[in-house]
1. Would you be able to say whether some residue in segment 93-102 is within 17 Å of the chain's Cα centre (by Cα) and either hydroxyl-bearing (Ser, Thr, Tyr) or over 22 Å from Glu12 (Cβ atoms) (or both)?
2. For segment 110-130, give me the residue count where each residue is hydroxyl-bearing (Ser, Thr, Tyr) and either surrounded by 18 or more Cβ atoms within 10 Å (Cβ to Cβ) or closer than 20 Å to Ala54 by Cβ (or both).
3. Between residues in segment 130-144 that are more than 12 Å from Gln91 (Cα to Cα) and free of Cβ contacts under 8 Å to residues at least 12 places away in the same chain and residues that are of a type in the set (A, V, I, L, M, F, W, C) and in a helix (DSSP H, G or I), which pairs lie under 9 Å by C-beta distance while being six or more apart or on different chains?
4. Spot the failing condition for Ile103; the list is (1) modelled with pLDDT of 95 or more; (2) buried (at least 18 other Cβ atoms within 10 Å of the Cβ), and only one is missed.
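The values are calculated or read from the model by the stated rules, or taken from the named source; none is laboratory data. Source: prediction; values computed, not measured. Cβ placement follows ideal geometry from the backbone for every residue including glycine, while neighbour counts extend to all protein chains displayed.
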Amino acid sequence: MTIQDYYFRAGEATVLAREGQFTDAMPEILIGCTDGPVGLAFANMMAQTKGHTAMFAIRACNQMVRPVTMLVPKVTLKDSTNIELFGGVVQSATADAVVDCLIEGIIPQSEANHLCIISLVWIDPRCAADPRLDKKDMYRTNYEATKLAIKRALLNQPSVEELIAKRHSVKHDMDDWS
């Protein structure tokens, strides 16, 4: 594959929390060339937006991942607890997933400096007030979902054929109106 094969790819995944937790993860991933539309969107997201501050995925201080990855919360983060979860557990899980995608060949190592990833991430607002919050489960769900979303993005999954075949057999999880 050439770098142009990665011009603009999108993927998503949902991994459910263990029973009694609000740590479901459902990242929406955009991955593409730094000099294409994804790179432009990435650069434009560098500004602060109240409650939706974006941050790079880092494994630890001075360990920003490649491809450079930006996390953006899907919901407004209003309290320090959810902000800390976003910049701690979720950031760590996302960063580890990106590096493991490199290790496993899901993302070609030769393209790591030419690609960028935008990851829209979900943090259930109930997490902040949950005294039983399981951060290990939050890490697990975000790690697994991020890896799966990246893989799906790069493999163009689901395929058009699968979407058409399942048009009437698959319903949205929140579908209570049909």
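1. Just the residues of segment 93-102 that are within 17 Å of the chain's Cα centre (by Cα), to begin with: 93-102.
If we keep only those that are either hydroxyl-bearing (Ser, Thr, Tyr) or over 22 Å from Glu12 (Cβ atoms) (or both) as well, we get 94.
The answer is yes; a qualifying residue exists.
2. Step one: of segment 110-130, the residues hydroxyl-bearing (Ser, Thr, Tyr) are 110, 119.
This time we only want the ones that are either surrounded by 18 or more Cβ atoms within 10 Å (Cβ to Cβ) or closer than 20 Å to Ala54 by Cβ (or both), so: 119.
Adding up the residues that qualify gives 1.
3. Lys136/Val89
4. Checking Ile103 against (1) modelled with pLDDT of 95 or more; (2) buried (at least 18 other Cβ atoms within 10 Å of the Cβ), the one that fails is (2).
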